Amino acid sequence: MHKVIVVGRGLIGSAAGRHLSGLMDGVAVLGPDEPADRATHSGVFASHYDEGRMTRIVDPDPVWAVTAKRSIERYREIEAASGIRFFTPSGYLGISGPGSDYLQRSEASGRPLGAATAWLDAAGIRHRFPFLSVAHDTRGLSEVGKAGHLSPRAMVRAQCAAAQKRGATIIVEAAVAIRAVTGGVEVETTAGGIHRAEKVLIAAGAFTDACGLSPVDLKLRVFGRTVVLARIDGDLAGDLSAMPTMGHAESGAYILPPIRYPDGHDYLKIGIGSTDDADLKSRDDFSRWFKGTGSSDNRRDFQAFLTDLIPGLTRCTHWHTDTCAVAWTATGYPYIDWVDDGRIAVAVGGNGKGAKSADDWGWLAARLVAGEDWDHPVERATLRLPRGA
């Protein structure tokens with residue numbers, strides 16, 4: 001019998017498993033591997049099946065800023081413990097027109113945390129990043145040092161490897177049911193196994209409600225998001241070699257510089273939340289979405305947006321889409337709380353930007369489950385389930 005089973009081997013679950021294994025023995029992290037073939041896969045999916053996520057300290061919300069800072073400061077520790085590299089300090093550039101205060105609020109949150117920021121006017125943006133085409137009234141906020149991008153696939157592998165070195169057990173199965181029983185909790189899996197523990201932490205992301213894993217309905221809003229990728233070949237790779245991760249305040253777009261993917265090619269990626277995002281409720285909804293190619297309208301619109309901003313991308317001849325899912329909570333923050341009287345807890349809800357802070361959300365979840373003091377700048381009440389949930 002395990003002391004704690006973490007259900008979910010994504011960004012938050014794998015982080016929680018590593019932190020828990022540093023606090024106690026008897027930790028297991030349970031979740032399936034990435035499917036070899038999405039088209040024929042009949043089980044669950046996850047949104048970390050990708051090579052690029054933006055990471056930075058500056059954020060208009062101080063909660064996300066401080067948790068990002070604390071997470072980023074542990075990246076090298078995780079890499080050293082696991083032998084797996086996942087972080088690239090490419091820097092960050094946020095751009096905005098005159099009608100938004102997004103960058104001002106981001107800088108105000110990041111400055112007290114030591115973020116290395118600088119303001120750029122349109123001329124400064126063009127000089128520093130000559131591949132960009134911006135309007136004369138554009139303003140930019142750059143962050144260097146601890147800003148850049150991470151590979152979510154590699155980060156999950158690193159967290160799990162580091163957890164194993166601390167004594168954690170990795171169970172490569174998918175949960176289908178979680179039940180409080182006399183003396184603890186049972187986790188039933190698709191493989192027909194029953195794994196028992198004193199406590200369970202559910203970190204199953206967007207699939208938590210759809211799979212009925214929590215004894216409390218978390219009322220997550222889950223949307224399928226389309227991302228568009230441009231393959232970067234030839235001279236264009238050199239032109240974009242100094243490209244940072246980017247955020248566009250008015251549209252909410254996030255843009256990742258060219259990153260090497262498993263097929264051996266480098267891709268530049270963009271994602272934007274839109275009214276075309278599919279509302280995912282059931283497992284069938286999720287399965288259809290992850291096996292599909294996303295929104296064709298998004299592909300057209302995002303490609304046009306990118307080529308306006310980076311005119312050199314008109315030379316790209318290979319574009320494609322991919323799919324992911326975003327789980328939104330009612331509070332805008334992850335839920336890290338008990339849902340069953342000290343036996344079952346949850347750590348769920350990335351709200352579209354969970355990757356950069358994932359290690360700290362896992363740190364908090366581990367402390368909660370292990371009964372440690374809530375020694376953190378973010379108050380515990382901020383991450384509780386709303387009343388009536």
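The values are calculated or read from the model by the stated rules, or taken from the named source; none is laboratory data. The structure displayed is predicted, hence computed values, not measured ones. Backbone-built Cβ (ideal geometry, glycine too); neighbour counts: all protein chains shown.
Brief remarks on what is shown
- Given (1) more than 22 Å from MET24 (Cβ to Cβ); (2) touching a Ser or Thr at 6+ places or on another chain (Cβ under 7 Å), index of the condition ALA175 fails: (1)
- Matching entry among GLY342, GLY354 (being modelled with pLDDT under 95, farther than 16 Å from MET24 by Cα, surrounded by 20 or more Cβ atoms within 10 Å (Cβ to Cβ) and not polar (S, T, N, Q)): GLY354
- Condition broken by ALA65, with the remaining ones in (1) surrounded by fewer than 24 Cβ atoms within 10 Å (Cβ to Cβ); (2) under 16 Å from LEU103 (Cβ atoms); (3) without any contact (Cβ under 8 Å) to a residue 60 or more places away in the chain satisfied: (1)
- Test: residue in segment 18-37 that is in contact with a Pro (Cβ under 6 Å, 6 or more places away or on another chain), of a type outside the set (Lys, Arg) and assigned to a loop (DSSP other than H, G, I, E, B): no
- For ASP209, the stated conditions hold: it is touching a strand residue (DSSP E or B) at 6+ places or on another chain (Cβ under 8 Å), closer than 30 Å to VAL27 by Cα and acidic (Asp, Glu).
- Residue in segment 45-68 that is more than 18 Å from the chain's Cα centre (by Cα), at pLDDT below 95 and not assigned by TED's automatic domain parsing to the domain that holds ILE125 present: no
- Of residues in segment 246-283 being at pLDDT 90 or above and of a type in the set (Asp, Glu), the one nearest to GLY205 (Cα to Cα): ASP279
- Pick from segment 359-389, criterion of a type in the set (A, V, I, L, M) and within 17 Å of VAL7 (Cα to Cα), ranking: surrounded by the most Cβ atoms within 10 Å (Cβ to Cβ): ALA365
- So ASP233, is it within 29 Å of PRO130 (Cβ to Cβ), of a type in the set (Asp, Glu) and touching a Phe, Trp or Tyr at 6+ places or on another chain (Cβ under 8 Å): no
- On inspection, GLN164 passes the criterion of being in the same structural domain as SER357 (by TED's automatic domain parsing), at pLDDT 95 or above, surrounded by fewer than 22 Cβ atoms within 10 Å (Cβ to Cβ) and on the phi < 0 side of the Ramachandran plot.
- Flag for ILE125 being in contact (Cβ under 8 Å) with a residue 40 or more places away in the chain, of a type in the set (Val, Ile, Thr) and either farther than 27 Å from ASP217 by Cα or not assigned by TED's automatic domain parsing to the domain that holds MET246 (or both): no
- Qualifying positions in segment 312-352 - of a type in the set (D, E, K, R) and outside any strand (DSSP E or B): ARG315, ASP341, ARG343
- Of the candidates SER14, SER47, the single residue that is polar (S, T, N, Q), buried (at least 23 other Cβ atoms within 10 Å of the Cβ) and not in a helix (DSSP H, G or I) is SER47.
- Every pair of residues 6+ apart whose Cβ atoms lie under 9 Å, when the first sits in segment 71-87 and is surrounded by fewer than 20 Cβ atoms within 10 Å (Cβ to Cβ) while the second is basic (Lys, Arg): GLU73/LYS146; GLU79/ARG85; ALA81/ARG18; ALA81/LYS165; ALA81/ARG166; ILE84/ARG157; PHE87/ARG76
- A Cβ distance below 9 Å, combined with a sequence gap of six or more or placement on separate chains, defines the contacts here; from segment 313-334, residues that are among the charged types (D, E, K, R) reach residues that are in a strand (DSSP E or B) in the pairs ASP322/THR226; ASP322/VAL227; ASP322/VAL228; ASP322/LEU229; ASP322/LYS269.
- Checking GLY205 against (1) farther than 27 Å from TYR102 by Cβ; (2) outside the structural domain of GLY312 (by TED's automatic domain parsing); (3) in contact (Cβ under 8 Å) with a residue 40 or more places away in the chain, the condition it does not meet: (1)
- Residues located in segment 320-331, provided they are surrounded by fewer than 17 Cβ atoms within 10 Å (Cβ to Cβ) and under 14 Å from GLY294 (Cα atoms): HIS320
- Selected residue (criterion: surrounded by the most Cβ atoms within 10 Å (Cβ to Cβ)) from residues of segment 270-302 that are polar (S, T, N, Q) and assigned to a loop (DSSP other than H, G, I, E, B): SER295
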